[in-house]
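What follows is a set of notes on a single structure, which appears directly below.
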Amino acid sequence: WSQLNISETNRAVQTIEVSIKSLKLSRNSISMAKTDLTSAGSVKKEAEDTGSNANTSQLPGGLIRHVVTSYKSKTPEKIRLIDIFILFSLIVALTQLIYLKLVGDFPYNSFLSGFFSALGTAGLLVVLRIQTNPETKFNDIPDEKAYADFLLASFILYLVCLIMLG
């Protein structure tokens with residue numbers, strides 16, 4: 001009994017140590033973000049004071065560069081590939097919407113089928129991203145099951161879109 005309690009206590013202590021480390025990392029990240037925001041605010045204020053636009057044009061570029069660098073370093077490659085596919089699906093849906101506005105809606109069923117196919121694919125990919133991301137709560141679902149669910153749901157989605165074509 002005491003052996004069991006000692007091992008449970010050790011596990012609890014390790015969990016607490018990991019939590020403390022992650023809190024320290026979070027606190028460091030927050031303080032770095034505050035520093036970045038403070039320096040960005042001072043750059044903007046200097047630009048407003050001097051009337052120069054050169055410093056303001058560097059502000060969004062630096063922010064975008066920081067976000068891209070952080071995304072590339074912290075996001076696994078398979079999640080980035082899913083993100084690219086989500087972006088592609090949304091671009092396809094937007095292109096179809098623009099085509100509808102410019103050319104017209106004569107084959108309306110075709111437009112609806114293609115548009116819902118693109119949006120449905122993006123939605124299914126978001127679910128796949130959530131299920132395969134190691135930082136979410138779905139760690140008990142194996143990646144193979146998540147991919148199988150995605151393929152089955154995609155097959156059903158495309159079958160419905162095909163039937164909708166008429």
> What accessible surface, in Å², does a 1.4 Å probe find on TYR71, ignoring ligands, DNA and RNA and rounding to the nearest 10?
Replying inline: 80
> Any idea of LYS74's accessible area? Nearest 10 Å², probe 1.4 Å.
Replying inline: 140
> Kirkwood hydrodynamic radius (Cα pairs, Å) of the range 56-144?
Replying inline: 15.6
> So what does VAL92 come to for accessible area, using a 1.4 Å probe and Å² rounded to 10?
Replying inline: 50
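Taking a 1.4 Å probe, which of LEU125, LEU87 shows the most accessible area, and what order do the others take after it?
Largest accessible area first, the list is LEU87, LEU125.
The values are calculated or read from the model by the stated rules, or taken from the named source; none is laboratory data. Just so we're clear, the structure is a prediction, and the values are computed from it rather than from any experiment. Remember, those area values only see protein heavy atoms, side chains included, never the ligands or the DNA or RNA. Shrake-Rupley method; radii C 1.70, N 1.55, O 1.52, S 1.80 Å.
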